Amino acid sequence: MLTKSQIKLITSLKQKKFRTQHQLFVVEGIKVVEEFLNSDYELDAIFSIDDRFSQYNQKLTKVDSKELAKISGFSTPNKVLATFKIPTPIAVDWSGLVVALDDINDPGNLGTIIRLCDWFGIENLVCSEATVDCYNPKVVQASMGSHTRVNITYVDLKKTLSAASNCMGTFMDGDSIYEQHLPNTGVIVLGNEANGISEDVEALVKTRLSIPRFGTVKQTESLNVANAAAIILSEFKRKSTER
């Protein structure tokens, strides 16, 4: 049975300041919770109407559907909610391809990009300090468990990229990605949804890449940043397999 203090804590974790204060975040849904349980993330507590989590009895609170609805962020709760401890940041491995995000605001975009990094084998994702929190519930849901396989770090992006040996960025006026030699190492920078890559970071970019428009009219202003990330990462990996 849920206590008032548990309800208060879990609902507070929707806000970043309370996630930071308690060093906890929320995961919902059987598939995603199981991804985190089978990873290095440390379980704090689990609340379920499903018997499959009975092995976590010391941290398990059995609830009914009405109780789960009180703490869920879903309009239709999905059988289980768990809280996990926010891990200590791990040093970035710069030896391969690294994706860097310059002030991404939308949780759905960040979650999708985390999942894309997982799909294309990008093990390190570097975010500017103004990028949306990767433990925002909407980010966690959109990533579908890919947090467990991607090292996500928040940094002073300008300072960090100033030391990068090969910094590549995406721009509307860049050179077509389909016509470039694409390396196996370096940093791929993706910019803010509305403003693109900031001037300070742009000054550090050595290679300017773009995804050309093929439509007859060519009046589409831009691609969604997560869609652009999918195309960019696919092309990097496609060319790497051709070598």
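Annotations for the structure displayed:
- Which of K239, K31, K17 is most accessible, then next, and so on - probe 1.4 Å: K17, K31, K239
- Solvent exposure, largest accessible area first (probe 1.4 Å, DNA, RNA and ligands not counted), of R19, R208, R52: R52, R208, R19
- The ellipsoid equivalent to the alpha-carbon distribution of the range 68-185 has semi-axes of 30, 16, 13 angstrom, derived from the gyration tensor eigenvalues as √(5λ) and listed largest first.
- Sorting W119, W94 by accessible area puts them as W119, W94; the probe is 1.4 Å, largest comes first, and only protein heavy atoms count.
- Extension gain, K31-E202: 0.36 nm per intervening residue step, less the Cα-Cα distance, totals 57.7 nm.
- Shape class for the range 111-243, computed from the alpha carbon gyration tensor (a ≥ b ≥ c): rounded, with a/c under 1.5.
- Multiplying the residue separation of I231 and T20 by 0.36 nm and removing their Cα-Cα distance gives an extension gain of 72.6 nm.
- Each listed q (0.23 Å⁻¹) maps to a log10 I(q)/I(0) for the range 164-229 from the Debye sum over equal C-alpha point scatterers, namely -1.07.
- Counting only residues at least eight positions apart within a chain, or on another chain, the aspartates and glutamates with an alpha carbon under 15 Å from that of K206 are D173, D175.
- Recomputing semi-axes √(5λ) of the Cα gyration tensor in Å from the coordinates shown identifies the correct label among [x] 40, 19, 14; [y] 37, 18, 17; [z] 30, 25, 16 as [y].
- Folded to 0 to 90 degrees: helix 107-119 orientation relative to the chain principal axis, Cα: 80 degrees
- Looking at the range 163-243 alone, DSSP beta bridges between its own residues are antiparallel in about 10 percent of cases.
- In straight-distance terms, cross-link reach from K79 covers every one of the lysines whose alpha-carbon lies under 29 Å from its own, apart from those fewer than eight places away in the same chain; here that gives K4, K8, K14, K16, K17, K31, K59, K62, K66, K70, K138.
- The chain: angle of helix 225-242 to the longest principal axis, Cα-based, in degrees nearest 10: 70 degrees
- A Förster radius of 51 Å combined with the Cβ-Cβ distance from E221 to Q55 puts the calculated FRET efficiency at roughly 0.50.
- Using the empirical formula 2.2 N^0.38 Å as the baseline, the Cα radius of gyration of the range 1-94 reaches a ratio of 1.09.
- Surface calculation, 1.4 Å probe, protein heavy atoms: K237 sits at approximately 60 Å² accessible.
- Cα centroid separation - the range 63-81 against the range 1-21, whole Å: 14 Å
- Averaged over its residues, the chain has an accessible area of 53 Å² per residue, based on protein heavy atoms and a 1.4 Å probe.
- Mean projected area in nm² (Cα convex hull; one quarter of hull surface) for the range 58-117: 6.9 nm²
- Most simply put, the chain has about 30% antiparallel DSSP beta bridges, counting only bridges with both residues inside it.
- For the range 2-18, the Karplus equation 6.51 cos²θ - 1.76 cosθ + 1.60, evaluated at θ = phi - 60°, returns couplings of 6, 9, 4, 5, 5, 4, 4, 5, 5, 5, 5, 6, 5, 9, 4, 4, 7 Hz by residue, with Gly and Pro reported as x.
The values are calculated or read from the model by the stated rules, or taken from the named source; none is laboratory data. Note that this is a predicted model, so its numbers are computed, not measured. Don't worry about glycine lacking a Cβ; one is built from the backbone with ideal geometry, like all the others, and counts go over all protein chains shown. Please note that ligands, DNA and RNA were not included when accessible areas were found on the heavy atoms of the full protein model with its side chains. Shrake-Rupley method; radii C 1.70, N 1.55, O 1.52, S 1.80 Å.
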